[in-house]
1. Return the only residue of G271, G230, G209 being out of contact with any Asp or Glu (no Cβ under 7 Å at 6 or more places or on another chain) and more than 7 Å from the ligand (Cβ to nearest atom).
2. Suppose the filter is surrounded by 19 or more Cβ atoms within 10 Å (Cβ to Cβ) and touching a residue at least 24 places away in the same chain (Cβ under 8 Å); does A105 pass it?
3. I need a count of the residues in the range 351-394 that are at positive phi and in contact with an Asp or Glu (Cβ under 7 Å, 6 or more places away or on another chain).
4. Would you check which residues across the range 127-148 are in contact with a helix residue (DSSP H, G or I) (Cβ under 6 Å, 6 or more places away or on another chain) and either of a type in the set (D, E) or more than 16 Å from the ligand (Cβ to nearest atom) (or both) and list them?
5. Quick check on I323: is it among the β-branched types (V, I, T), in contact (Cβ under 8 Å) with a residue 60 or more places away in the chain and farther than 30 Å from A415 by Cβ?
6. Please state which of the following conditions S123 fails to meet, knowing it meets all the rest: (1) within 14 Å of the ligand (Cβ to nearest atom); (2) among the hydroxyl-bearing types (S, T, Y); (3) under 30 Å from L479 (Cβ atoms).
7. Of all the residues that make up the range 350-362, how many are surrounded by fewer than 21 Cβ atoms within 10 Å (Cβ to Cβ) and in contact with a Leu (Cβ under 7 Å, 6 or more places away or on another chain)?
Amino acid sequence: MIPLVLGKTTLNEGSDGVGETRDPATGAVIAQFARAGEREVNLAVEAARNAFDHGHWTRMRPFERGRILRRIGELILERRDIIARKESIDSGKPLRDAYWEVDCAARFFEYYGGAADKLHGSSIPLGPDWSDWTVKDPIGVSLHIIPWNYPFQLIARGVAPALAAGCSIIIKPATDTPVTAYEFLKICQEAGLPEGQVNLINGRGSLVGDLLARHRGVDQITFTGSVPTGERVLVAAASHAIPCSMELGGKSPQILFADADLDKALPMVAGGFTTHCGQVCNAGTRLLVQRSVHDEVVSRLHERLQTMTLGAGLDDPDMGPLISRGHKEDVERYYDIARQDGDLLFGAELPTSSALANGAFVRPALVVGAGNQTRIAREEIFGPVLTIIPFDTAEEAVTIANDSPFGLVAGVHTANISTALGVGEKLRVGQVWINSFGVGLDVEFPFGGYKLSGFGREKGLEALGAYQQVKNFCIHHPLGN
Ligand code: NAP
């Protein structure tokens with residue numbers, strides 16, 4: 001049983017009963033968790049509030065906080081095997097991706113552990129007889145609402161900078177993936193975080209997520225998830241005027257020019273939309289390809305997809321299952337839409353093992369002949385589907401890339417540096433990747449979206465601002481008065 005951890009209270013039962021989480025490869029129940037209701041929401045906020053208002057985290061010297069954060073990172077690495085295996089079973093992702101997730105979580109704690117004693121203010125010149133400077137105060141109780149695709153990594157991504165800034169935390173994991181959040185809580189306790197500094201509350205998002213977001217004891221929200229839920233969270237936050245960091249969806253373009261090194265670019269394009277079965281916010285799900293190489297690219301990508309293996313995450317296949325059978329139905333509906341919008345080319349065969357008969361597996365697919373105005377090219381599917389659209393000129397590629405409700409990331413593949421930088425400058429996205437699409441364990445530079453992909457920045461030093469208030473001090477000190 002995964003308990004609720006609310007300050008010093010650990011509850012194996014919540015007022016909304018018990019939930020179950022399943023292995024998406026087999027459909028088997030793998031764990032149960034206590035589901036919170038209003039009572040436990042109030043307890044969680046009280047615990048976090050108490051820790052922030054009266055606990056010793058904010059009174060600790062910043063370097064001491066940094067040491068505890070780095071200790072959390074060390075403990076994550078010490079337990080990487082167990083956490084990665086649990087994450088792989090709970091989320092369905094291939095084991096190597098689960099290891100990446102755990103290693104990335106550890107990096108967040110190393111990075112922000114190092115930053116904890118470097119959160120300087122600034123001094124502002126006002127002329128003779130005046131002194132002015134700023135200090136950075138922690139914002140208070142920070143609520144982290146987590147999606148199911150990268151649960152462990154996304155907890156670390158928000159919680160590490162929030163703790164470094166001096167905040168206290170409430171974590172609300174997704175109902176589909178509650179398992180590794182509890183492993184994280186145990187590590188926090190063992191690393192010496194004060195009681196109530198990090199609290200864990202599981203339960204239905206529409207109930208406890210909403211109650212938490214509306215709670216007047218919460219000072220800030222970091223939300224990662226879909227656009228419709230993000231909009232609901234923003235309304236809840238507006239009811240008591242608190243700031244939010246919103247990391248939402250995407251329909252990210254990869255722009256492939258004819259002069260690109262296809263041997264290097266095509267594996268990145270394929271990985272860009274099949275990693276974790278396409279359930280990645282910054283998946284490259286639109287390929288804009290220069291017309292002269294369009295047919296060659298389609299045929300090489302199709303060949304590549306056909307050799308892919310599907311299976312249970314623990315067997316480390318090329319692609320695991322989707323998160324649930326419900327989501328499989330959603331993705332399969334997009335296959336029907338794709339057939340109306342263009343031609344659908346499938347890769348990889350479904351697993352034949354009877355043990356995986358109830359798994360949420362789908363085949364990766366390419367869609368060709370569908371314009372950028374079609375549903376398949378505009379909507380986030382959160383499955384392994386790549387829409388391929390030809391272009392002739394760099395200007396046309398930019399226009400198509402920017403003609404999207406989203407603006408999370410983009411890839412540009414070309415041998416010409418002027419083309420790469422000229423296109424990159426014009427793209428309305430939060431990250432531009434040139435001849436690359438992901439570096440691995442990249443915690444150091446900012447990540448976040450334009451347009452419907454959200455606002456606020458995670459990762460890097462930029463992320464710390466979400467968890468701080470800036471306080472200005474000003475003194476008038478004329479000599480001789
Ligand atoms: P989701 O359905 O929006 O759920 C996200 C979280 O919100 C879950 O913990 C959910 O709880 C909770 N929630 C649901 N209703 C709520 C409400 N009314 N108030 C407060 N919280 C509520 O998203 P998902 O399906 O888990 O994740 C997929 C989406 O996340 C995709 O759109 C993807 O692009 C996006 N994503 C973005 C990033 C990024 O960094 N930009 C990273 C990863 C994923 P329950 O699970 O209990 O419903």
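The values are calculated or read from the model by the stated rules, or taken from the named source; none is laboratory data. Remember, it's a predicted structure, so these values are computed and weren't measured experimentally. In this analysis, Cβ positions are derived from the backbone assuming ideal geometry, glycine residues included, and neighbour counts consider all displayed protein chains. Side chains included, ligands, DNA and RNA excluded: accessible areas come from the protein's heavy atoms. Shrake-Rupley method; radii C 1.70, N 1.55, O 1.52, S 1.80 Å.
1. Values: G230 fails: more than 7 Å from the ligand (Cβ to nearest atom); G209 fails: more than 7 Å from the ligand (Cβ to nearest atom).
Residue meeting the stated conditions: G271.
2. yes
3. 1
4. P138, I139, G140
5. yes
6. (1)
7. Qualifying residue count, the range 350-362: 2.
For every residue, the table says whether it meets (1) part of a loop (DSSP other than H, G, I, E, B); (2) within 16 Å of the ligand (Cβ to nearest atom).
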residue: N282; (1), (2): yes, yes
residue: L314; (1), (2): no, no
residue: D330; (1), (2): no, yes
residue: E349; (1), (2): yes, no
residue: F361; (1), (2): yes, no
